[in-house]
Each structure stands twice: as C-alpha cells, then as structure tokens.
Amino acid sequence: MYRKLTKDEIAALESQNCRANDWNLIEVNDEFDTKYIHQVVFSGNIRLGQFNSIFTFDGGIQKHSGLQNVTLHNCELGDNVLIENVQNYIANYKIGSNTFIQNIDCILVDKKSTFGNGVEVAVLNETGGREVKINDKLTAHVAYILALYRHRPELIARLNAMIDFYSRKHSSEIGVIGNHVYISNAGLIRNVRIGNNTRIKGACRLENGSINGNEYDPVHIGYGVIAEDFIICSGSKVEDGAMLTRCFVGQACRLGHAYSASDSLFFSNCHGENGEACAIFAGPYTVTHHKSTLLIAGMFSFMNAGSGSNQSNHMYKLGPIHQGIIERGGKTTSDSYILWPAKIGAFSLIMGRHYRNSDTSDMPFSYLIENNDETILVPGVNLKSVGTIRDAQKFPKRDNRKDPNRLDQINFNLLSPYTVQKMFKGTEILKGLQEHCGKTSETYTYQSCKINNSSLQRGLELYDKAIRKFLGNSLISRLEYHTSSMENIRRRLQPDTSIGLGQWRDIAGVLMPEQSVAELLNSIEAGRISKLKDINTFIADAHQNYYSYEWTWAWDKIQSYYGLTLATIVPTDIIRIVKDWKNAVVSLDKILYEDAKKEFSLNAQTGFGADGSNDEQRMDFEQVRGNFEKNPFVASLLQHIEKKATLSEKIINEMNSINYNNYGNTSF
C-alpha cells in the first residue's frame, strides 16, 4: 500500500537537503523510512518503495539502499533501490526493486516511445527495399521472410502490420528499468527499456532501444558502447566500445572490441569483434573476429569470416544495390574477397579473390579457389575436411542461450534434406557437364567457375558417399527396435505424414519442407495467422517435427535411389542399403582420419621446440598439441568407425534371421 508523506517525514527530508516542487505528489510505501534519502530533488508524480536492504559489491564494499544526490521527475521506484550521484536527472521511469544506479549522466524518456520496436533496418540492400522492422519477438525466420519474400507484397504488408500493432501496444511515455538492474558510470540513456538483471557499466550513449535481459539470461552492456535504434535480446554482451546503429542483436550474441555495425541483424550466438558490418543478415552462429574484416550486404549463418574478408556490393554505377548469400556453414580465408551479387553453396570454403558473379548453391561442401583471376570450383571436397565435421559438432555445444524462451529454432544437422537435395542436384549438374563436354575434357565451366576433370570425378564420388550415408542413417534410425518381422519393418517404413516431400528450405537456421513454408505464408496472407507469437509457434512446431518430415523425404529418395517400393522391399534390399551405408560411413571417416593426421605431421611441428632439436620439437609439440592417437576428435572418429561397423553387422544379422514366409527360410 502507498500513502502520502507525513509532516514529520517532509521535515526530515528537508533537513537532509531534499526538496520537492510539490510534496503532495509523492507517495511512499507503508514501510518507508527517510533515513537513507539525502540531497534529492523530487519533481512531478513520485512513488517510493521501502529502503531496508544492503548491496554488496566486488571487493566486499557494502552500501545501504537509498537515494543520494539525484533528481527524480515522474518516477516510480520499487523496494530497496540504491540511486546515487546522478549528474543530471532521471525522468519518466518506473524502476524495479533491488536496482542499483550510480554515477550516471542522465536517464530519461522525452516522448512516447516504442523503445526500438518498429525501427526499420535496411538489411542486405543499403538503398532500401528489404527493410526489416525489428521488435522484441523478432526471430531469424520472420526476418528472413520479411527480407527475401518481397515478391509477395500482401505477405509483407500483413507482417509489417503485426509488427506495427506490437510496437503501438508496447509504446509508452514511461520507461521501465527492471528488477536487479545494475547501471554505473554511464552517459546518456534516452528512451531505453531495460529488462531484469541487466548490467550496464560505462556505456557512453544508449538511445531508443530495448535491452531484454531477464533473471534467466541477463544482458551486459560494457564500457564505451554507443547504441541507437536497437534491440538487444537476453544473454547478449555488447561491450568494449562497440557501436550499433539500427541493429537487432539476438540471444546470446557477443559484440565487442570496437565492433561497428549499422543496419544489421544478428541472431542467436553470433560473435563480432574488431571489424565492421553494414546491412548484413547474420543468421545464427555468424562469427567474425578480425579488425580488417568487413561484412556488407550479405546473408550468412554458421559462418566464420577470416581476417581481411571483404565483399563489394556495388560496381560504381547505380550505387550499393547488390547483395550476396553465403549459405549455412560457409568459411572465408584470410584476405578473401567476393564481388556481389553471388550465392555460395552450403558448407563451402572461399579462398582468394573472386570477381565473377557465381551461383554455386547447388554445389554444397565445395572449395572456391582463386587462380589467375579465375574461380576454380572443387565440388564436394569439404566433405573430406575434418574441420567441417568439427564445426558441425561444436555448434550445438556453443549454444549459450539460457533463456527458456528461445526465439530462434536452430537445426544443426550437417546432412539433411536441405543439403542432400543439393547433392542430388549437384550430381545431376556434374553428370550433365560430362555428357555435354565429354568425360575426357580437361576442364568444365559452370556458373563462371572452372571445374577440373579430376575435381568433377571426385565430387561425384563424394556426393554419392554422402547421399548413401544420409539415406542409410535415416533408414537405420527409423528401423531401430522394429526389425522383428517384415510386417513390422513395412509398418515402420510407412511415413507418418506426407509433409516433407519436395524441396526443403533453410529459413535462417531452421530447416523446413517447402510445403510447410508455403502453408505458413499462405496462412499469413489469408489472415488465418495474425499474431507474431502464432508465427513463432508454427515454426517451432515444424522444427519439433523435423525428423518425421525428414523421414518422409528420405523414404521417397530411398525408393527412387534404390528402385524400391513399400510393397516390394525385402530383407536383401535393407541389407544392400546398410552395406552401402557402412561403406560410405567408414570410407568418409577414414578420409577424415587422414585429414586429421595432417595436423600432426612434421610440417605441422614447424616452429615448435625452443632450440630447434628434433627431440625438443617433438616433445614441445606433444605437450602443446597432444598425441595424435590420443586426440579427442581422433579417438571419437575411431570409435565412430567401430560403432558403425558393429551396428551394420547387427542389422544385417537381424535381417538374416527373419523367417520370411513368401521366400522360405532363406539366409540373406
């Protein structure tokens, strides 16, 4: 309950150098005590809680909650707040309980504000046309649709209307600073909503934004940060002089070391240091660490940008109007360059400088190598790289989101209908090149790229191994514990749903059948889905059903790839698929094993050993890098080979044991 100040309390406050424009506009908690309020100027409507707790800070220093040397205008304070040494004032804020504010310049709301919601970010195209209106609930998937589905204007209009409704609903002339917030040594904070448990230490200037920390996953804003027109989601850290203008920072991101970004979107677990971003769509796990790296007008995800990576989004004609896409899992080496527009296939490695506009999206797991100003495409070769597999394993382990309400749905699978459909297409293209140009041609031309004959042959082999590995994986996972009879097997092979057939899409981290994407978009356009939370629920449900949809796709491909049907499949067919799978898995793992061994070769030991003797070099290397056979990844690779070989034998034995009435007691 709140009450007016008593005459004795007013007198006590005045004796402690406090004053008010009108003492009657102040309400206080029933347990209010004037003891810890000194040198405070009250203006407008004020509501104060109780002050009866002690804050303990690093180093062991303690301070009692209270108010000292501050001007408050139209503010409501929760219980046990400590505010001291505010150079200017705090105006038009509701401040939660157990919050600490010290040594700051000014915190105010000076107009009705949406706190960053509805700000238009000119992503991908600096000149506009793909604007995404940011908001507290923005996911990578909704942003993807807003940015890339401009060919459906009714869809975009309805999505923007939802965001506008949300922005208006959450607009206010009063700002909020949540519970257990810590703000110290900060400059101007204007029109910023600050969530629970947020820590702001030394920020220079924050204007028109939302900091959506909570008790599960606080946000940290560090020294020297300047941010304007922004939203920062739970679990993120923005520090060390980072500068943001019109940016969305998703959950568990890290931006620091003077990183500069404008008109950019960063989604879950992105990490940016030292470099610069302009008009980028940084899907989950986009990482850039280097001072000389510029990411501009591109879409990325699960991507690592090397030192000096750069792109060019205009050719000095009509301005910066070009854009590019590096599909999930891309990497750029040091000093790489790409001339936009371009589209690079999933899990590809880009080396050197590329001046031609290529589309290698149907050639996943490839290398793009510069040679004499030409782009050499090496299809599928990244399937041989131990680094690719290591990346796929580390991404789930590096999901730092602790908020139970995870905005982005993320599928980490390396082999999926999305990547394998591209291998099927890539195989078709490579075989078409052979038929058109001849199998003995020295080189082939595809999408302004050159492909050497040997690379084409190797690409076909690697794609075939990966396809057989994926199809076998899907079959074995589906049949687990269901191999007692052919009836059980056929029942299990029957897909649960028709959803999953046809093309699949990577919607900025979540893998969905085109059918599901079409249903979502049509439902939005028709008004059947009219709320942002319902869009997020639809996508979350699709993500939850991924393996059911994957099997629908995989079973269709197994039938066409092996010439089978549900009615005709017999144990020998399953044995054939399992043997193909085993050979593919073991073959690829052995390739990876040999690739890993290169990291422990004599060449890799160059520079080790203080005085250069062979024994010292070897011992120094082993102390730092370890022994090859004991390396955790190598050990897991060997275990994987053994495990898969054992599993294949188990399934083959189970197939041989089936008493198949139509075929007698034949051993397969």
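Observations on the model:
- Taken over the C-alpha atoms, the stretch 1-108 has Rg and Dmax values of 12.9, 41 angstrom.
- Pairwise centroid distance, computed over Cα atoms, of the stretch 133-203 with the stretch 235-251, Å: 13 Å
- Ordering S234, L415, N24 by Cα displacement along the dipole of the chain toward the positive end leaves L415 in first place; charges were set at the Cβ atoms of Lys, Arg (+1) and Asp, Glu (-1).
- Considering only F302, C270, Y259, and ranking their Cα positions along the charge dipole of the stretch 256-347 that arises from unit charges at the beta-carbon of Lys, Arg, Asp and Glu, the one farthest toward the positive end is F302.
- The packing ranking, built from the mean of other Cβ atoms within 10 Å per residue, places the peptides 265-273, 211-219, 441-449 in the order 265-273, 211-219, 441-449, highest first.
- Gap separating the Cα centres of the stretch 346-403 and the stretch 257-310, nearest whole Å: 16 Å
- Sorted from longest to shortest, the spans of the Cα atoms of the stretch 501-545 along the three principal axes equal 25, 17, 17 Å.
- Equivalent ellipsoid of the stretch 436-579: semi-axes from √(5λ) of the C-alpha gyration tensor, largest first, are 32, 28, 12 Å.
- Taking the helices alone, the chain has a mean residue ellipticity at 222 nm of -10500 deg cm²/dmol, built from -39,500 (n - 2.57) per DSSP H run of at least 4 residues and averaged over all its residues.
- Nearest 10 degrees, 0 to 90: helix 453-479 Cα axis against the chain principal axis: 70 degrees
- Degrees, to the nearest 10: 546-562 long Cα axis against longest axis of the chain: 20 degrees
- Once backbone amide H atoms are built at 1.01 Å from N, M303 has T286, V287, G329 as its partners under 5 Å, excluding neighbours fewer than 5 places away on the same chain.
- Charged neighbours of Q421, selected by a Cβ distance under 12 Å, balance to -2 (K, R count +1; D, E count -1).
- Sorting 495-507, 477-489, 23-35 by average packing, meaning the other beta carbons within 10 Å per residue, from highest down gives 495-507, 23-35, 477-489.
- Degrees between helix 614-625 axis and first principal axis of the chain (Cα, 0 to 90, nearest 10): 60 degrees
- Relative contact order (percent, whole number), the stretch 1-108, Cα cutoff 8 Å, 6+ residue spacing: 19 percent
- Rounded to 5, the percent of DSSP beta bridges in the chain classed as antiparallel: 20 percent
- Per residue Cα convex hull volume in Å³ - calculated over the stretch 279-410: 118 Å³
- Highest mean packing first, where packing is the average number of other Cβ atoms within 10 Å per residue, the peptides 165-174, 92-101 line up as 92-101, 165-174.
- Which listed pairs, of K94/K237; K422/K579; K439/K644, have C-alpha distances above 31 Å, in listed order: K439/K644
- Within-13-Å neighbourhood charge of S65 [Cβ basis; K, R +1; D, E -1]: -2
- Centre separation in Å (Cα based) which lies between the stretch 567-581 and the stretch 1-63: 79 Å
- Two-decimal Rg to Rh for the chain - Kirkwood Rh, Cα set: 1.06
- Note: relative contact order over the chain, using C-alpha pairs below 8 Å and six or more positions apart, is 7 percent.
- Dipole magnitude (debye, nearest 20) for the chain, charges at Cβ of Lys, Arg, Asp, Glu: 1180 debye
- Against the empirical 2.2 N^0.38 Å (N residues), the stretch 304-378 has a Cα radius of gyration ratio of 1.02.
- Taking Lys and Arg as +1 and Asp and Glu as -1, the other residues whose beta-carbon sits under 11 Å from that of W504 total -1.
- Averaging the sequence gap over all C-alpha pairs within less than 8 Å and six or more residues apart, then dividing by the number of residues, gives the stretch 154-203 a relative contact order of 34 percent.
None of the figures in this text is laboratory data; all of them are computed from the coordinates on show. All values derive from a computational prediction rather than experimental measurement. Methodologically, a virtual Cβ is constructed for each residue, glycine included, from the backbone with ideal geometry; neighbour enumeration extends over all protein chains shown.
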